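The values are calculated or read from the model by the stated rules, or taken from the named source; none is laboratory data. Because the structure is predicted, anything quoted here is derived from the model rather than measured. Methodologically, a virtual Cβ is constructed for each residue, glycine included, from the backbone with ideal geometry; neighbour enumeration extends over all protein chains shown.
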Amino acid sequence: MKKRWLAGFLCIPLFLMMVTGCGQIQTSSTVSGAAVADWPVKVENVNLTKEPAGVAVLSGNIADILLKLRYETVLKARSEDCSQKELSSLPVYSLDQAKELKKLGVDLALTDQIPTQDQTKAFSDAGIILLSLSPANGRADLCRLYTEVGTAVKGERTGYEQGARMAEQVLMGIDSVARIIPNKNILLTGIYISDLDGSTVTGDMFQNSILESAGITNVAAGSEGGKMDLTALKRANPQVIFCPIGLKEKLESADIFENLSAVKEGRVYEIDPNYMKWQGETVIFAVTEIAGFAYPELKQTGSSSAS
C-alpha cells in the first residue's frame, strides 16, 4: 500500500518537471560566442586533461548524483555505502585500496571524504586522480556539486551542462511537492533526529530544504553543525519527528523525548537514513515520503493517482 501511494504521489512532481523543462538554466557552453571544449578542465583546483577511462565512486552521495546524471556506465568500482541497487554488481573497494583500483582500470576516484595524506599519496603513486567533493550545504550549493561531478566525468561543456540541468530538475521536483502541501497557513513543526544525542538536520544543511519543501518548519533550523541542544529541543516540542529506521522505539522510550507532543500523539516516523544523506534523485523521494507522513491527506491523493 505504501509503495502504491508513494508511486502515485511521485507522478505529480515528476510530471511537472517534464512539462516545465529545464530552459531556465544558464550553462557554460559558450564564452563570447565560442564553444567551450570539454578537456582539459579544472575541478577543485585539480587539472583533468582527458575523459576518465574508469571511475571509482567512493561516496554513496556522489553515486546517487552519478545515477541522476546517467553516468553510471563509467563506473568500475564503488564503496560499501554506495548501496543503490543499480550499482550492486560493482565490486566494493575503499580509499585504502588505490593499487587494487588501478588494476581495475580506474583513473579517477570520487569521494566526499577528506583523504589522509597516506591515502592521497597512494592514489598519486598509482596514477589515479582523487577528487574530494563536499556535499551541498543548501539549495544554492546543489548546482555546484552536480556540475563538479558532471565536469569531472564528462568535461567542461558536456558534463557541466548535464550537471546544471539535473540539479535544476531535482530542485523543480521538490518545489513541485511543496506546491501541493495543504494548509500552508497552519504551522507544522518537526525535526529529523538521527541519534539520541541531539544529532539532527540543522539550518546550515541541504537536508533542511527537504524538510521545508515537505511542509515542515524545522525546529532545529536555527542550530548549526548537525547538532541541537536537547533542552532546546524539548522546549521547541516538535509536532512531528522523523528518524532513521530502527531508532523509533528507542527514541520514544528515552526520557528526553517521551513527553514530546510528537511522541505522545504517535507522530514519530521512521524513514530510510539515506534520505538525509544522498542528494541525487533520492531527494525527491525523501521530500515526497516525508510530506506523505506529515500530511496524511496526500496519501489519498497519491492512491487516487495510482488507480
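I'm checking my understanding of the structure. Among residues of segment 111-149 that are in contact with a Pro (Cβ under 8 Å, 6 or more places away or on another chain) and assigned to a helix (DSSP H, G or I), which one is nearest to residue 65 (Cα to Cα)?
For segment 111-149, the residue satisfying everything is 145.
Can you list the helices (runs of 4 or more DSSP H) found entirely within segment 162-267 that contain at least 1 residues being in contact (Cβ under 8 Å) with a residue 12 or more places away in the chain and in contact with a helix residue (DSSP H, G or I) (Cβ under 7 Å, 6 or more places away or on another chain)?
Counting at least 1 such residues, we get 207-213, 248-253, 261-264.
Taking segment 94-129 as the search range and keeping residues that are of a type in the set (Ser, Thr, Tyr) and closer than 21 Å to residue 48 by Cβ, which one is surrounded by the most Cβ atoms within 10 Å (Cβ to Cβ)?
Here the answer is 111.
When only residues in segment 80-93 that are in a loop (DSSP other than H, G, I, E, B) and of a type in the set (D, E, K, R) count, which is surrounded by the most Cβ atoms within 10 Å (Cβ to Cβ)?
Among them, the one singled out is 81.
Any idea how many residues of segment 49-74 are over 10 Å from residue 107 (Cβ atoms) and touching a Lys or Arg at 6+ places or on another chain (Cβ under 7 Å)?
Result for segment 49-74: 5.
Conditions (1) modelled with pLDDT under 95; (2) touching a Gly at 6+ places or on another chain (Cβ under 6 Å); (3) not β-branched (Val, Ile, Thr), marked per residue:
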| residue | (1), (2), (3) |
| --- | --- |
| 226 | no, no, yes |
| 241 | no, no, no |
| 245 | no, no, no |
| 251 | no, no, yes |
| 255 | yes, no, yes |
| 272 | no, no, yes |
| 280 | no, no, yes |
| 307 | yes, no, yes |
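On the given criteria, is residue 292 under 21 Å from the mean Cα position of the chain (by Cα) and surrounded by 15 or more Cβ atoms within 10 Å (Cβ to Cβ)?
Yes, satisfied.
Taking the options 62, 12, name whichever one is modelled with pLDDT under 95 and of a type in the set (A, V, I, L, M, F, W, C).
Within the list 62, 12, the selection yields 12.
Considering only residues of segment 271-285 that are under 19 Å from residue 226 (Cβ atoms) and out of contact with any Asp or Glu (no Cβ under 9 Å at 6 or more places or on another chain), which is surrounded by the most Cβ atoms within 10 Å (Cβ to Cβ)?
276
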